[in-house]
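Everything below concerns the one structure shown next.
The values are calculated or read from the model by the stated rules, or taken from the named source; none is laboratory data. All of these numbers come straight from a predicted model, not from anything done at the bench. Using ideal geometry, Cβ is built from the backbone for each residue, glycine included, and neighbour counts are taken over all protein chains shown. When the accessible area is computed, the model is the full protein with side chains, heavy atoms only, and any ligands, DNA or RNA have been set aside. Shrake-Rupley method; radii C 1.70, N 1.55, O 1.52, S 1.80 Å.
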Amino acid sequence: MAHAEVSPVPVRALYAADPARSHGRLFPEPPSRTRTPFARDRDRIIHTQAFRRLKEKTQVFVAHEGDHFRTRLTHSLEVAQIARSIAKALGLDDDLAEALALAHDLGHPPFGHTGEEALDAATAQFGGFDHNVQTFRMVTELERRYPDFDGLNLTWETLEGLIKHNGPVVDRLDRPSWRSIVAFSADYDLRLGTFASAEAQAAALADDIAYNNHDVDDGLQAGLFRLEELETVPLIGPVLHTLRAERPGLDDQMMRMEAVRRMIGVMVEDVLGQTSRNVEAERVTSAEDVRLMGRPLVAFSQGMAEDLGRLRLFLHERMYRHFRVNRTRSQARRILAELFRLFVDEPGVLPTEWFERVQDRDDAERARVVCDYIAGMTDRFAIEEHRKLFNLDVWN
């Protein structure tokens, strides 16, 4: 007889964000009869154009290189699942954690971090480009879905978590690319010098867990390295040794999938254990305690952080700088740089809606609008736009 799974019933933590005590929205709205404020935030994020475009934005491999590699959309869904699991186990508000996980990559341009580097270089004299700032601008001004305000009018807690999920950001406020954050916080104080909620911290670690494990999976699928080469790498190596001992006949494909699944579990358990120790050591009893703690509450253990650093080093050497990845990075940089220069120099080739936004603007404002247009592109659309505009044999 099969045994039924018994799920633990989480107890709400004293330091969890409380939707009933949310700081509210910049533009007040009537409450929902069926959803908490944080659940509404999650739903608004899912319905954005920016979220839909993630389906063809790069994680590591350009979206047209294969159907089985992660995109920003599938990555965001996987981060949301892990964030929700961590939040539930810790007694946090899982709707808030999920909302932050789903939104964390909305500001990424096409071609992943290469696209970010290309746009930052292109706009250097006009303030540069930062995908975290772009995510914030996406949900506060660039998405236009409501008649009474620009953006999504998300709760204070969600906005705070988006911009501070990795900790206080006061050291970045003198960067030109962060001027919009400074201006927004001047009118709606996001307390940029404190940590964000435990839910935001859980979402940030879920991102680390997801992309490191799934980059291992994608790298193996792409043939950039073999399972045997991972046996001496921390985190994944011990899991592989255990699996080979338990299931000696397992084929490589199933071994890969089972190893990644188990490694995610190991990392999640480490977060839960270390966070519990932090709560006890710091005597955390409120959400305000989390913000004022002086260090992250939700965290990896020191040993896990060190092992993760060595895994990242392996991926950096064997995957992120592999010549096949370098070739697509090179193409991506040239595509975005050339599109940016063309749109700034000849704004008349922009689509009508975007051309209207650059009319009568100074150079800095025009560059920012062009940057917003390019940042919203998918990989496939950027490649197609470049083909149409730079290939003389294409006339349409």
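Subtract the Cα-Cα distance of M257 and L26 from 0.36 nm times their separation in residues, and report this length gain in nm to one decimal.
Working it through step by step, the gained length comes to 78.7 nm.
In square angstrom, what is the accessible area per residue of segment 134-218 with a 1.4 angstrom probe?
Per-residue value: 34 Å².
What does the C-alpha gyration tensor say about the overall shape of segment 248-338? Classify as rounded when a/c is under 1.5, otherwise prolate if a/b is larger than b/c, or oblate.
Since a/c reaches 1.5 but b/c is at least a/b, the shape of segment 248-338 is classed as oblate.
Taking square-rooted eigenvalues a ≥ b ≥ c of the alpha carbon gyration tensor, is segment 80-223 rounded, prolate or oblate, where a/c under 1.5 means rounded and, failing that, a/b exceeding b/c means prolate?
oblate
Would you please name the GluC sites (Glu not before Pro) within segment 151-250 that are DSSP coil residues with at most 15 other C-beta atoms within 10 Å of their C-beta?
Here the GluC sites (Glu not before Pro) that fit, given the DSSP loop and packing criteria, are E231.
Which order, highest average first, do 309-322, 207-220, 162-175, 84-97 follow once you tally other Cβ atoms within 10 Å for each residue and take the mean per peptide?
The most tightly packed comes first, giving 84-97, 207-220, 162-175, 309-322.
Given the options A198, A80, A122, state which has the largest fluctuation in a GNM of the chain using a 10 Å cut-off (strictly under) for Cα springs.
A122
If the reach is capped at under 23 angstrom between alpha carbons, list the lysines near K388, excluding any in the same chain fewer than eight residues apart.
Partners found: K55, K57.
Once R0 is set to 35 Å, what does the formula 1/(1 + (r/R0)^6) return for the Cβ-Cβ distance between N391 and T74, expressed as a FRET efficiency to the nearest 0.05?
It comes out at approximately 0.70.
Between R144 and I46, what FRET efficiency comes out of the Förster formula 1/(1 + (r/R0)^6) with R0 = 22 Å and r the beta carbon distance, rounded to 0.05?
0.85
Once a ≥ b ≥ c are taken as the square roots of the eigenvalues of the Cα gyration tensor of the chain, is the result rounded (a/c under 1.5), prolate (a/b larger than b/c) or oblate (a/b not larger than b/c)?
Oblate.
Given the DSSP H assignment, sum -39500 (n - 2.57) over each helix run of at least 4 residues in the chain and divide by its residue total; what's the result at 222 nm in deg cm²/dmol, nearest 500?
Roughly -17500 deg cm²/dmol at 222 nm, from the helical runs in the chain.
Count neighbours as other Cβ atoms within 10 Å of each site's Cβ, and list the chymotrypsin sites (Phe, Trp or Tyr not before Pro) in segment 353-396 that are DSSP loop with at most 16 such neighbours.
W395
Looking at the chain as a GNM with Cα springs under 10 Å, which of L192, L14, L240 has the largest mean-square fluctuation?
Its mean-square fluctuation being the largest, the pick is L14.
Considering only protein heavy atoms and a 1.4 Å probe, what is the carbon-and-sulfur percentage of the accessible area of the chain?
On the chain, the fraction of accessible area on carbon and sulfur atoms equals 50 percent.
Once the Cβ-Cβ distance between H241 and E269 is put in as r, and R0 is 22 Å, what FRET efficiency do you end up with, to the nearest 0.05?
0.75
Can you work out the accessible area per residue across segment 221-263, with the rest of the protein chains kept in place, probe 1.4 Å, in square angstrom?
Spelled out: the 1.4 Å probe surface of segment 221-263, per residue, equals 54 Å².
I want the local charge near D217. Using Cβ-Cβ distances under 9 Å, sum +1 for each Lys or Arg and -1 for each Asp or Glu among the other residues.
Taking every Cβ under 9 Å from that of D217, the sum is 0.
Provide the net charge surrounding N391, with neighbours chosen by a C-beta distance below 15 Å and charges set as Lys +1, Arg +1, Asp -1, Glu -1.
Once all neighbours under 15 Å are counted, the net charge is -1.
So, for segment 315-396, what is the accessible surface per residue at a probe of 1.4 Å, expressed in square angstrom?
59
Can you compute log10 of I(q)/I(0) for segment 187-302 with the Debye formula, treating each Cα as one identical point scatterer, at q = 0.13, 0.14, 0.20 Å⁻¹?
Calculated log10 I(q)/I(0) at the listed q: -0.62, -0.68, -1.01.
Kyte-Doolittle cut-off -1.0, length cut-off 24 Å along the helix's own axis using Cα: show which whole DSSP H helices in the chain pass.
Correct list, ordered by number: 72-90, 198-221, 252-282, 323-345.
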